[in-house]
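Shown next, in structure tokens, is the structure this report addresses.
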Amino acid sequence: MQIPLKEYRIKTIEFVLEKWEQMDRVTHDYLVPIEDEAQYQAALELLAVLWDKVGEDPHSPFGTLLGILSERINTYEVQKHPIPDALPHQVLAFLMDQQNLTQKDLEKATAIHQSNLSKILQGERKLTTDQIKTLAAHFGVNPNVFL
């Protein structure tokens, strides 16, 4: 015997609400708006883990969570760490300097060839979409900083 559609929807909603309540107990601190540096750092750590799990899979079950978390991080960064207008290659140079990375270090970490990095850093070559994604993940920043 098949369950009537309305009853099925009600059961589905009840199931989702029960799972949400369980999940909220664990993830609440990651899903609320970020208000301080401790929450920001925790969110960046979770973002790195999620990025590894989601990767390039547009159908990942973690994609929605990655989107929510990215939005929260971006909102906090815009408010607390505004980035002055800068060209993408200047942003990359700044981030490398902050982490004391050489072009060779970044090549090892991202698989972006050093000669390409050199041309990007000199403003002679634009970043590709894949490079932006890779660099944003590596530095734990919103990809928009490179646009």
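Data for the structure
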quantity	calculated
Some residue of the range 27-35 being open to solvent by 70 Å² or more (accessible area, probe 1.4 Å) and under 30 Å from Asp130 (Cα atoms)	yes
Scope the range 57-89; condition under 28 Å from Lys119 (Cβ atoms) and touching a residue at least 24 places away in the same chain (Cβ under 8 Å); matching residues	Glu77, Ile83, Leu87, Pro88, His89
Pair list, Cβ < 9 Å and 6+ apart or interchain, from the range 3-17 residues that are in a helix (DSSP H, G or I) to residues that are open to solvent by 100 Å² or more (accessible area, probe 1.4 Å)	Tyr8/Gln2
Among (1) more than 16 Å from the chain's Cα centre (by Cα); (2) under 24 Å from His138 (Cα atoms); (3) acidic (Asp, Glu); (4) at pLDDT 85 or above, the one test that Glu45 misses	(1)
Considering residues of the range 59-102 that are within 19 Å of Leu46 (Cβ to Cβ), open to solvent by 60 Å² or more (accessible area, probe 1.4 Å) and outside any helix (DSSP H, G or I) only, the residue modelled with the lowest pLDDT	His81
Tally of residues being in contact with a helix residue (DSSP H, G or I) (Cβ under 6 Å, 6 or more places away or on another chain), hydrophobic (A, V, I, L, M, F, W, C) and in contact (Cβ under 8 Å) with a residue 12 or more places away in the chain across the range 113-147	9
Members of the range 57-94 that are more than 16 Å from the chain's Cα centre (by Cα) and aliphatic (A, V, I, L, M)	Ile83, Ala86, Leu87, Val91, Leu92, Ala93
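The values are calculated or read from the model by the stated rules, or taken from the named source; none is laboratory data. These numbers were taken from a predicted model, which means no experiment stands behind them. Note that each Cβ is placed from the backbone with ideal geometry, even for glycine, and that neighbours are counted across all protein chains shown. Ligands, DNA and RNA are excluded from the accessible area calculation, which covers all protein heavy atoms including side chains. Shrake-Rupley method; radii C 1.70, N 1.55, O 1.52, S 1.80 Å.
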